[in-house]
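Here you go, one structure.
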Amino acid sequence: MKFTKLIDSRKARLKKARVKKAVVKLKDALAHQSVGTKEMLKTYFNYTHGKATKEDMLKAEGQFQDFLKTLGLGVFAVLPFAPITIPVIIKVADKHGVDIIPTAFKS
């Protein structure tokens, strides 16, 4: 009986470690996304004042696309069965040649 408790506690610790690692990765990706979003907004502000270059605008547009991708996946994250639906949506999008994963979440 003690052996099974030992195995169960080890499994629980491993699961907790995996969840913690995933949360840290998610936090880092969202922090990267936040920095990029601030830069994007600053570029758009500069554009309204005629101070943004074409290169700045291209970078801001790419960041805006990432922002929309993050929002799109965020909608699915709050739905029931998200651990099932998000991978299915990503797989279907890949099959049709649509990139829906923000760059901050890519390895």
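Please treat every number below as a calculation from the coordinates, not as lab data. Computed from a predicted structure; not experimentally measured. Counting neighbours? That spans all protein chains shown, and the Cβs are built from the backbone with ideal geometry, glycine included.
Which is at negative phi, in contact with a helix residue (DSSP H, G or I) (Cβ under 7 Å, 6 or more places away or on another chain) and part of a helix (DSSP H, G or I), of ILE101, ILE86?
None of the others qualify; the one that does is ILE86.
How about region 44-83: which of its residues are surrounded by 15 or more Cβ atoms within 10 Å (Cβ to Cβ) and not in a helix (DSSP H, G or I)?
ALA52 - this is the single residue of region 44-83 that is surrounded by 15 or more Cβ atoms within 10 Å (Cβ to Cβ) and not in a helix (DSSP H, G or I).
For region 10-20, indicate whether the set of residues that are of a type outside the set (A, V, I, L, M, F, W, C), part of a helix (DSSP H, G or I) and surrounded by 14 or more Cβ atoms within 10 Å (Cβ to Cβ) is non-empty.
No, region 10-20 contains no residue that is of a type outside the set (A, V, I, L, M, F, W, C), part of a helix (DSSP H, G or I) and surrounded by 14 or more Cβ atoms within 10 Å (Cβ to Cβ).
Something else: Cβ-Cβ distance below 6 Å, separation of 6 or more or different chains: which pairs start in region 38-51 with a residue that is of a type in the set (S, T, N, Q) and end on one that is surrounded by 15 or more Cβ atoms within 10 Å (Cβ to Cβ)?
THR43/ALA52; THR43/ASP56; THR43/ALA60; ASN46/ALA52
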